[in-house]
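Structure record follows, encoded as structure tokens.
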Amino acid sequence: MTLVVFSQATFAQSRSFEKLREKFHGAADVHTLKIGGIFLRVVMKLATSDDLEAREMLRSVNQVRLMVIPQEAFERQGLSVDGFRSVLRKDAFDEMTEVRNGKDRVTVYMRPDSNQSNRYFVLVANDEEVVAMEMKGNVDTEWLAKNNFVKAGAR
């Protein structure tokens, strides 16, 4: 019985992503994508074809979920990006880094899920949309730290 519970917890998506999915299910202009398996391998190879370091860093990612939500839809639900950041923290995600580029605010979170896998949540927010991406697997945090993508002590 313990093995069944453990394996279900390991493969389940985070409560944070599930809350977003439930909140915006069927909403206009909200797009959701789930990629895994061989299709993910092909997409990752194509996306990192010119960057061998990035390919190596992402090689152990085995599942990606993506949701694009117009900022307007977020506001209609009475939600805020800062409020959702609180949901991520309650779901045991630790902030690894945050980058601002113009109006874009990109925050990367990590939650250890098991000895062999972590869960990463990337939140991108600007005036037009909120993009939530959840990745399951392992990202090379040493590479991230070396390239100044991780806050000190966040590994």
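Summary table
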| item | result |
| --- | --- |
| Search result, residues across segment 97-109 that are farther than 16 Å from Leu66 by Cα and in a strand (DSSP E or B) | Thr97, Glu98, Val99, Arg100, Asn101, Asp104, Arg105 |
| Every pair of residues 6+ apart whose Cβ atoms lie under 7 Å, when the first sits in segment 73-89 and is closer than 15 Å to Asp127 by Cβ while the second is part of a helix (DSSP H, G or I) and modelled with pLDDT of 90 or more | Ala73/Phe24 |
| In segment 141-150, residue modelled with the highest pLDDT [restricted to those that are of a type in the set (S, T, N, Q) and part of a loop (DSSP other than H, G, I, E, B)] | Asn147 |
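Residue-wise test of (1) farther than 17 Å from Tyr120 by Cα; (2) at pLDDT below 65.
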| residue | (1), (2) |
| --- | --- |
| Thr10 | no, yes |
| Phe17 | no, no |
| Val30 | yes, no |
| Val42 | yes, no |
| Lys45 | yes, no |
| Ser49 | yes, no |
| Leu58 | no, yes |
| Val61 | no, no |
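For (1) assigned to a loop (DSSP other than H, G, I, E, B); (2) within 25 Å of Glu22 (Cβ to Cβ); (3) at pLDDT below 90, each residue gets a yes or a no:
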| residue | (1), (2), (3) |
| --- | --- |
| Arg65 | no, yes, yes |
| Val68 | no, yes, no |
| Phe74 | no, yes, yes |
| Arg85 | no, yes, no |
| Glu95 | no, yes, no |
| Asn115 | yes, no, yes |
| Leu123 | no, yes, no |
| Val131 | no, yes, no |
| Val139 | yes, no, yes |
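The values are calculated or read from the model by the stated rules, or taken from the named source; none is laboratory data. These numbers come from a predicted model, not from an experiment. Note that each Cβ is placed from the backbone with ideal geometry, even for glycine, and that neighbours are counted across all protein chains shown.
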